[in-house]
1. Return the residue satisfying two criteria in turn: it lies in the stretch 426-443 and is part of a loop (DSSP other than H, G, I, E, B) and of a type outside the set (Asp, Glu), and of such residues it is farthest from ligand 1 (Cβ to nearest atom).
2. For the structure I just gave you, tell me whether residue 414 is at pLDDT 95 or above, over 22 Å from the mean Cα position of the chain (by Cα) and not small (Gly, Ala, Ser).
3. Report every pair of residues separated by at least 6 positions or lying on different chains whose Cβ atoms are under 6 Å apart, first residue within the stretch 451-463 and touching a residue at least 24 places away in the same chain (Cβ under 8 Å) and at positive phi, second more than 10 Å from ligand 2 (Cβ to nearest atom) and among the aliphatic types (A, V, I, L, M).
4. Within the stretch 407-424, does at least one residue satisfy the condition of being at positive phi and more than 16 Å from ligand 2 (Cβ to nearest atom)?
5. Does the stretch 499-507 include one or more residues that are within 12 Å of ligand 1 (Cβ to nearest atom) and either at pLDDT below 95 or farther than 19 Å from residue 298 by Cβ (or both)?
6. So if I check each of 542, 583, which one is among the aliphatic types (A, V, I, L, M), under 15 Å from residue 275 (Cα atoms) and modelled with pLDDT under 95?
7. Assess whether residue 589 counts as being modelled with pLDDT under 90, out of contact with any helix residue (DSSP H, G or I) (no Cβ under 6 Å at 6 or more places or on another chain) and not in a helix (DSSP H, G or I).
8. For the stretch 448-464, name all the residues that are more than 14 Å from ligand 1 (Cβ to nearest atom) and surrounded by 14 or more Cβ atoms within 10 Å (Cβ to Cβ).
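The values are calculated or read from the model by the stated rules, or taken from the named source; none is laboratory data. These figures come from a predicted structure and were not determined experimentally. We place every Cβ from the backbone using ideal geometry, glycine too, and count neighbours over all the protein chains shown.
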Amino acid sequence: MKDPRLLTGIGVSPGLAVGPAYVVTWGVPDVPQRVVSKGDVPREIERLREAIADVKRHLDELRQHAAEHAGATEAKIFDAQILMLEDADFLGAVERLIRDNQLSAERAFEFEVLELRVLWAQSESQMLRQRRADLAGIGIRVLKRLLGQSIQDVLKDRSGKPVIVFTRELTPGLTVEFDREQVIGFASVEGTRMSHAAILAHSLGIPCVMGLVGGLDKIRTDGLVILDGTSGTVLTDPTPAEIAEAESKAERRRQFDAELEAVGAPAETIDGVRVALRGNIDLPEELDTAAEHGAEGVGLLRTEFLVVGRSELPGEDEQAEYFSRICRRFPDHPVVVRTYDLGGDKFPAPFRPPREANPFLGWRAIRVCLDEPDIFRTQARAILRARLHGDVQLMLPLVTQLEELERSRELVAESAAALEREGIPAAPDVPIGVMIETPAAAMLAEEFAAASDFLSVGTNDLTQYTLAVDRGNARLADRFTPFHPSVVRLLKRIVEAGKRANLEVSVCGEMASDPRAAILLLGLGYRVLSISPPRLPLVRWLIRQLDAGIAESVAAEAVEASTTSQVVSVLTEAMNGLVDVDLLPSKLVAQG
Ligand code: PEP
Ligand code: MG
């Protein structure tokens, strides 16, 4: 039975912290119901503007603090928050509420933030869900300022004693505001590996666990805890023996990590099979990690970050510059740019479709891009221009029909012709690949292989749509597994279709970062994996321990299995003896 003292979440910044907990109730303050007279409306609007200007100044200070203590790229995280406070649509909506409904500035601001939070929570865009903490951060700051409450009272009374901070939602501001000497660990209920606060904690070198659903009630201020940012766990009321054991595990991990880092050689199995390891990039701040860990290019460049939190779509020049910059980081390798995987959400303004009952099955990704071809053309033109600086390739998300690929090809060809006519330097063509991330595309893998330049399996969505399990639903986390036999068999079908067409087939879903999956994918015949940059050393090391011949028989057994637990036990058995599972990071994919 599970130890009731052990709370599990996601390890987002590795390392061990042992010390007293400190529960921070940094939340939205109570905002009194208040309306104002018509005559007071201009004053309320003025109050709002002053508060926003003040908070922007404070965020600017935090940005400088982050630049000094975490790095220049991390400091840019505060730009996202400052941008939200400059968003004309957002501010216009708050001012309208004051003007039309005579709400007080704080009521109107609270109302609009809440509305956005709800919308972002419903969005299927991971990026938007992750940015909710940024929104919460500015919401709390502006409201406190409007209500005349102090913003910086957290930890004031602690007289510098080290603590592990527990909070519902860790905002980027909270992460950098605390003194590194005083805060030795962070834990929060909300948040994921890609939250800005997680990225900051990682850069600051502070162990951090997020996603502690239901965990906060079990924590009391000053109670001793062990926080393990590598395995993503928190142990309350540990015994001295448990503390000693945790410390010795941390030491073994440090040695193992040093061993992983020291693997300079390429990912090649004992019997000489070479696997290309690329990085998945969501945010520019991940580029350094990918390059430092020897990524052989970018196998999935998500472009949604370019639009999130903005009131306008980014232009062609900005995108061309961004893609070219990435090419220059990886001059000898491909950079696979995925066209927008947006939809169902409210940002930016051009993407404001009516609310949908099933946004995951709705107007999103390639459907949006083909229905609004100008959006697609802008990206295609930027990609063609960037191709002059490296091996940029274009990848289409959520494809279900061959016609979507054909139409995309037409739009790319039109864009190339237009660039030429306009005398703008650009490549005449670009390889176009398809993400196989729906059962429809997997069943048509043969046809897609014949019509595209490469295939890449998005196992996150492929799992979600094959199993009809929402990938973001914590309640269904145990059911969301790419080791379900149906997914394993689709993976086999896809790689074989690719091989017959002599096409590169990669895997770019999170699955590729899981050591057990690496054995399976290698054994099925995948030779290109695109993974989360921090996992590159582990997967490279693992591949160098494997024998492709053995992996092949392991995979053949997994394909024959009829239940998830059979697949998992085949893979776990293959892992035994290869690696001490205690040393591995917390599971990237939730599965049995
Ligand atoms: C996937 O679905 O596996 C994938 C890589 O794309 P995303 O996670 O961005 O949906
Ligand atoms: Mg996907």
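1. Ranking the qualifying residues of the stretch 426-443, first place goes to 428.
2. yes
3. From the stretch 451-463, no pairs qualify.
4. yes
5. no
6. That would be 542, the only listed residue that is among the aliphatic types (A, V, I, L, M), under 15 Å from residue 275 (Cα atoms) and modelled with pLDDT under 95.
7. no
8. Scanning the stretch 448-464 gives 448, 449, 451, 452, 453, 454.
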